[in-house]
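The values are calculated or read from the model by the stated rules, or taken from the named source; none is laboratory data. All values reported here derive from a predicted model rather than from experimental measurement. So basically every Cβ, Gly included, is an ideal-geometry build from the backbone, and we count neighbours across all protein chains shown. The protein model used for the area step is the full one, side chains on, heavy atoms only, and it has no ligands, DNA or RNA in it. Shrake-Rupley method; radii C 1.70, N 1.55, O 1.52, S 1.80 Å.
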Amino acid sequence: MRVYVPLTLPGLAEAYKTGELGAGPLVAYAVTPALREWYLSDDIEELEYAALSRAALASLRLLAADPGAGRRRVVVAVDVADGAAVADPDRGLDPAALGEVRIAGAVKLAKAASVHVDSDDAEADVSAAAEALAAADAGDDDAQFVVDGAEDHELLWFATQEIPNLVGRQG
């Protein structure tokens, strides 16, 4: 099963150093039954993109909580065993938890299929979105517009062999 783990550049650097995305439990995003129902599509590529987008928003939340992190969203696509990623049935239809899964144990970075990171030109919009996130969550339409501005930037695809270059230019 493909899951999308939200990180920051410092989180990716730590994963590269330790060889794992975390000891667990990890929050990730995947094509869950609730995401399928919400997205109303049977196209697996569209559903995977929706899960990736949910992980990108979670990465933005991590950036909002860590003002020192480089202002780029980071998502690592990882293949885990079926059943390793479990959706919380009590949160299945909660719009904030669409596609959310939990992975109980450590996830080896070697299982990563790819890394998705914002380009340099997204930094200003991502930074503004991270700052506006709390107000957007509180219902401020102007702040939501700023957050949506970050979503206008597509995450770039990188092979796992490119991780050293990504973490080497965090600043």
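What residue, of V126, V167, V147, is over 25 Å from E14 (Cβ atoms), among the aliphatic types (A, V, I, L, M) and part of a helix (DSSP H, G or I)? When all the criteria are applied, what remains is V147.
Hey, does the range 56-67 have a residue that's farther than 25 Å from A124 by Cα and hydroxyl-bearing (S, T, Y)?
The first filter runs over the range 56-67 and keeps only residues farther than 25 Å from A124 by Cα, leaving none.
No, that holds for no residue.
Remark: pairs (first residue in the range 145-165, loosely packed, with under 11 Cβ neighbours inside 10 Å; second residue among the acidic types (D, E); Cβ separation under 8 Å; 6+ apart in sequence or on different chains) = D152/D125.
Which condition number does R102 fail, the rest of (1) within 23 Å of G19 (Cα to Cα); (2) open to solvent by 60 Å² or more (accessible area, probe 1.4 Å); (3) assigned to a helix (DSSP H, G or I); (4) of a type outside the set (G, A, S) being met? Of the numbered conditions (1) within 23 Å of G19 (Cα to Cα); (2) open to solvent by 60 Å² or more (accessible area, probe 1.4 Å); (3) assigned to a helix (DSSP H, G or I); (4) of a type outside the set (G, A, S), the odd one out for R102 is (3).
For the range 109-118, the criterion of being over 15 Å from L21 (Cα atoms), open to solvent by 60 Å² or more (accessible area, probe 1.4 Å) and either in contact (Cβ under 8 Å) with a residue 40 or more places away in the chain or not in a loop (DSSP other than H, G, I, E, B) (or both) is met by no residue.
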